[in-house]
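Comments concern the structure below.
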Amino acid sequence: MAINIKYRPLKAFLLAIHTGSFTHAASQLGVTQPSFTALIQDLEDVLGLRLFERTTRSISLTSAGQDFYARVQRPIADLEEAYRSLADLAAVRRGTVALGALPSTALTLLPMAAGSLRRVHPALKVRVVEAHNDELLAMLRTNQIEFAVAAQAEPAPDLTFVPLAEDCFCAVYPAGHPLGDEPDTLHWRDVLRYDLILLSQGSNARQQFDRAVRDEVGAPITALRYDVTNMGTAAGMVRQGLGVSVLPRMALPELNLTGLCCTPLGDASARRYIGVLHRRDRSLSPAAQAFIAQLETSLIDISQHLLPMPPLPIG
């Protein structure tokens, strides 16, 4: 004989047990108490067994109810987990994710991750905003973006930072430049001897450079000649012999470096962590989690094309 048992009466049965009250269970299920009682009655009618002993003050399981509970608790939990998993998958397939990124990560990491995500979830919509670190933090706090791929900022109680990779800054100079005669690792003091082509104020690279120069003991006076917005512009000006630039290691594979040399800076102050920043009071959507998973995978591929990280300074 076929038995037609629906999910909703089973859920009502489990809620009644977990709350110990038809009233509380009805509230959790979002129905009136008479409607809730009718659901339990329907289940008992289908089974042909009484599941609860009810009084005006309390409810308790009958022996049949206890046996039924032992048999259905795990299958219903598995069913709900399967439903949540499929719902999350559907959210990734049909969802939208808005994120922000530093120019250095937008140049190399994001295109690869977005391309991989498109192949796996072609209906997922992605909106990327490219901005400086401080601007990304402001957009996070005002809900303009869900997360940011950015450099580690000062600790903030409202934000969470999950590191993805360590990065460093590199000196970029023309072939044949005196910097090429130095060891495999350069330092801030080495590049400060020359005219500099630096990224503009507000960029993470410029902030890190300014802090490092300020903290360098006995650093020579810097002859800043050009202040540019685009990393490609900086590389082009270096190629013309107009000076030396300091650019993020992660961005170098996507720049035109024909005729140029790049050497990592070994100072501790020339290192940074790139990671995911998001609001602590908000959970990342399934779509955002899927994108971050692709970022992690893409980093493995990109790392094969990056200059080796310099050794950490001793002391």
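The values are calculated or read from the model by the stated rules, or taken from the named source; none is laboratory data. Note that the structure is a prediction, hence the values are computed from the model and not measured. Cβ sites come from the backbone with ideal geometry, for glycine too, and all protein chains shown count toward neighbours. Surface areas here come from the heavy atoms of the whole protein model, side chains and all, with no ligands, DNA or RNA. Shrake-Rupley method; radii C 1.70, N 1.55, O 1.52, S 1.80 Å.
For the chain, the longest principal axis of the C-alpha atoms and the axis of helix 286-303 are separated by about 40°.
If you count the DSSP beta bridges with both ends in the chain, what percent of them are antiparallel, to the nearest 5? Just about 60 percent of them are antiparallel.
Computed from Cα positions, the angle between helix 204-215 and the longest principal axis of the chain comes to roughly 60 degrees. Spelling out what I want: for every residue of region 116-121, take phi, set θ = phi - 60°, compute 6.51 cos²θ - 1.76 cosθ + 1.60 (Karplus), and round to whole Hz; glycine and proline get x. Computed from phi, the couplings for region 116-121 are 5, 5, 4, 5, 7, 10 Hz.
Loop-located trypsin sites (Lys or Arg not before Pro) in region 267-315 (DSSP state not H, G, I, E or B) with no more than 15 neighbouring Cβ atoms inside 10 Å: R280, R282.
Between region 11-82 and region 97-115, the C-alpha centres lie 50 angstrom from each other. Largest GNM mean-square fluctuation among A148, A26, A138, using the chain with Cα springs under 10 Å: A26.
Compared with the dominant principal axis of the Cα atoms in the chain, helix 33-47 is inclined by about 70°. Here the accessible area is traced with a 1.4 Å probe on the protein chains. For the chain, carbon and sulfur cover 53 percent of it. Only Cα pairs under 8 Å and 6+ residues apart enter the sum, and on that basis the relative contact order of the chain stands at 21 percent. Annotation: amide H-H contacts under 5 Å for L159 (H modelled 1.01 Å from N, sequence separation of 5 or more, or interchain): R280. With a cut-off of 12 Å between beta carbons, the residues surrounding V149 carry a summed charge of -4, where Lys and Arg count +1 and Asp and Glu -1. Sequence-ordered 3J(HN,Hα) estimates for region 71-82 from the Karplus curve with 6.51, -1.76 and 1.60 and θ = phi - 60° stand at 8, 9, 4, 5, x, 5, 4, 5, 4, 5, 5, 4 Hz, glycine and proline given as x.
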